[in-house]
Amino acid sequence: MKEEKGSILCKIDSPNDLKKLKEKDLVLLAEELRTFIVDAVSKNPGHLGANLGTIELTIALHYVYNTPYDRIVWDVGHQAYAHKILTGRRDVFHSNRMYKGISGFPKISESEFDAFGVGHSSTSISAALGMAVASALKEDNGRQHVAIIGDGSMTAGMAMEALNNAGMANSNLLVILNDNGIAIDKNTGALKEYLADITSSRIYNRFRNLVWAVMGGNTRYGKNSRGIVKQISNAVKSSILKKNNFFEAFNFRYFGPVDGHDVERLVRILNDLKKIRGPKILHCVTTKGKGYEMAEKDQVRFHAPGLFDKNTGKSVNSNSRKKEPLKYQDVFGKTLVELAKKNKNIVGVTPAMLTGSSLTFMMKEFPERTFDVGIAEQHAVTYSAGMAVQGLLPFCNIYSSFMQRAFDQVVHDVAIQNFDVVFCLDRGGLVGEDGATHHGVYDLSFFRGIPNMIISAPLNEKELRNLMFTAQEKGNGPFVIRYPRGRGVMTEWETPLEKVEIGKGQKIREGGDAAIVAIGHPGNFALEAAEKLKKEYDKDIAVYDMRFLKPFDKELLHDVFVKHKRIITVEDGTVIGGLGTAVMEFAAENGYHAKIVRLGVPDRIVEQGTLKELYRECGFDVEGIVAATLKLLK
């Protein structure tokens, strides 16, 4: 993307260029950055609102700190577009989140300015603290360490664990809380209310201004300035808030709240904070979507709005005339409401993914039975277990890659006790442009080894409904339903609910030359590939939909191996430990001899791209299945 000649942004290729500007020019730079990002994201979809909210803060950080020597860690990483643009990636920003382009998140291998890879939330304080301790051990005492945490990330337990550790480590660490009151949906919980109390307290803000006035007069008070600041802070803490400041209880020096969009003041504040050693926190209040009216008004939609007209804010749908297949997420959300109307024990639980998982339908219909627990996957699982022990039936909806954080809770708090909890794993498989940190490709493997687990994946939206209907019955124990992001294959919504026999798959195409054994959505690729093999190569291929990875349909597999000596397994998870591994284990245990080819996600990190591009790269798209089958039949 090209900027207009004479602009400030076009001259910024690194933070060194940024430092040459006068402070008054930083305001104009922020306006240009905002325009640049809106223009870029409107044409190439990505995260918009969070990035518009951190522009001034990003400018101030790189203006004040000596990056990349000073370490800056972003959290959540989707707030870092301005950071990328100011650190040498402006001219390639048009490739953001594209196949073979730059990542939508900070990534160490991409730039020396990306101090830590961050795709999930709430990791910044831990990582920055580790860096600070390492610097101290290496006697590198001049290096600064900054963790920017926001967009709801402070609600996670890991952030609290890091604060607890950092307060006692006494390391040179600055935590910047980007308080915008929202993750994807509005923040929930007591911490949100606490921060709102701080930002709305007039008396507190008068004291806050006095603190900054004292700091600004450092030379006047000399060595006593820090003592005076501490006395004022203690007075605020005890007299105004009527309870200890939450962050100071962790032994952090608290500063703020401050306007996160006043770039010149942020520069002065950050320069002052550099002189104060030890753990400290700066509370910045920002607006998600700042400076773009439509994004400020509809913060949920403009978190990641897709293609849109930057002048009107309206979505651009290139396939608006074509009737598209249903989204798995919407089918899940509406089916859950349908089930909840008949089963009063059903509740919905999600860790800050209310809109993304379509639990908004449940929230609208049954707000008292729908729970957004904040960015807290571990808590969401054990919270669900607590409900289950009292007779409720939680449908706990967590993105597959986020579920990785709660593996221990699934084992100890649900599986060992065999509680009826339905885990709806959204974004199972490759997810596309969000890339490596968001691909949900490990769930089939890591859940398969846990006793008492039922693991299923629907072939299509109808199967998703039927699995949900089956999962609501008492006595199933932990029941996993895994489905991909986005649209499936069906265009019609209304289908009757039918019970599925747990542990039973189905043959969905006859054939004698070879067999394709698939699970989940990729079964549709297998069917299409089989049709193409018949039409173009006169090869008759059978297709089996396993539907369940656990319990495994051994009767169906016996049928596969008795009739076929050439078998291909297809899954959108890692080939290690998943469906293909299970089929090979079955063959070995039962003395079957067959040529087996496993197609799935290879044993390496898969980066970002469209789903079509990534399926092709991994080799389990229609063409990949056709090629593998023809090679096997030679």
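The set of residues from the range 248-282 being at pLDDT below 90 and assigned to a helix (DSSP H, G or I) comprises E248, A249, F250.
Within the range 160-183, residues that are among the acidic types (D, E) sit with their Cβ atoms under 8 Å from residues that are in a strand (DSSP E or B), at 6+ positions apart or across chains, in these pairs: D179/G150; D179/P257; D179/H283; D179/C284; D179/V285. Residue check: M154 meets all listed conditions (1) closer than 18 Å to T58 by Cβ; (2) touching a Leu at 6+ places or on another chain (Cβ under 9 Å) but one, namely (1). Only one entry of A542, A530 meets the criterion of being under 17 Å from I625 (Cβ atoms), open to solvent by less than 10 Å² (accessible area, probe 1.4 Å) and part of a helix (DSSP H, G or I), and that entry is A530. Screening the candidates G142, G222 for the property of being at pLDDT 85 or above and either open to solvent by 10 Å² or more (accessible area, probe 1.4 Å) or part of a strand (DSSP E or B) (or both) yields one hit, G142. With respect to (1) open to solvent by 10 Å² or more (accessible area, probe 1.4 Å); (2) among the small types (G, A, S); (3) over 15 Å from C424 (Cα atoms), the lone exception for G486 is condition (3). Close contacts from the range 356-370, counting a first residue that is free of Cβ contacts under 8 Å to residues at least 40 places away in the same chain and a second that is open to solvent by less than 20 Å² (accessible area, probe 1.4 Å) and of a type in the set (F, W, Y), with Cβ to Cβ under 8 Å and a gap of 6+ residues or different chains, come to S358/F332.
Among the residues of the range 77-93, those identified as open to solvent by less than 10 Å² (accessible area, probe 1.4 Å) and either touching a Pro at 6+ places or on another chain (Cβ under 6 Å) or farther than 16 Å from I12 by Cβ (or both) are G77, Q79, A80.
From the list A60, A50, A40, the one residue that fits, being under 22 Å from C284 (Cα atoms), in a helix (DSSP H, G or I) and at pLDDT below 95, is A50. Checking every residue in the range 493-514 against the condition of being under 25 Å from the mean Cα position of the chain (by Cα) and outside any strand (DSSP E or B) gives zero matches. Of the residues making up the range 397-441, those that are over 30 Å from D621 (Cα atoms), open to solvent by 10 Å² or more (accessible area, probe 1.4 Å) and free of Cβ contacts under 8 Å to residues at least 40 places away in the same chain are D408, Q409, V411, H412, D413, I416, Q417. Just one of the listed residues (M131, M168) is at pLDDT below 90, assigned to a helix (DSSP H, G or I) and either over 18 Å from the mean Cα position of the chain (by Cα) or surrounded by fewer than 24 Cβ atoms within 10 Å (Cβ to Cβ) (or both), and it is M168. Here is a check on your reading of the model: is L464 touching a residue at least 24 places away in the same chain (Cβ under 8 Å), open to solvent by less than 50 Å² (accessible area, probe 1.4 Å) and assigned to a loop (DSSP other than H, G, I, E, B)? When the stated conditions are applied, L464 does not pass them. If you go through the range 362-407 and pick out every residue that is part of a helix (DSSP H, G or I), of a type outside the set (V, I, T) and either under 13 Å from A352 (Cα atoms) or over 19 Å from the mean Cα position of the chain (by Cα) (or both), you end up with 19. Taken as a whole, the condition of being closer than 26 Å to S401 by Cβ, assigned to a helix (DSSP H, G or I), open to solvent by less than 40 Å² (accessible area, probe 1.4 Å) and in contact (Cβ under 8 Å) with a residue 12 or more places away in the chain applies to G580.
The values are calculated or read from the model by the stated rules, or taken from the named source; none is laboratory data. Please read these numbers as outputs of a predicted model, since none were measured by experiment. Because the Cβ atoms are built from the backbone with ideal geometry, glycine has one as well, and the counts that use them run over all protein chains shown. Ligands, DNA and RNA are stripped out before the accessible areas are found, and what is left, the full protein with its side chains, is counted by its heavy atoms. Shrake-Rupley method; radii C 1.70, N 1.55, O 1.52, S 1.80 Å.
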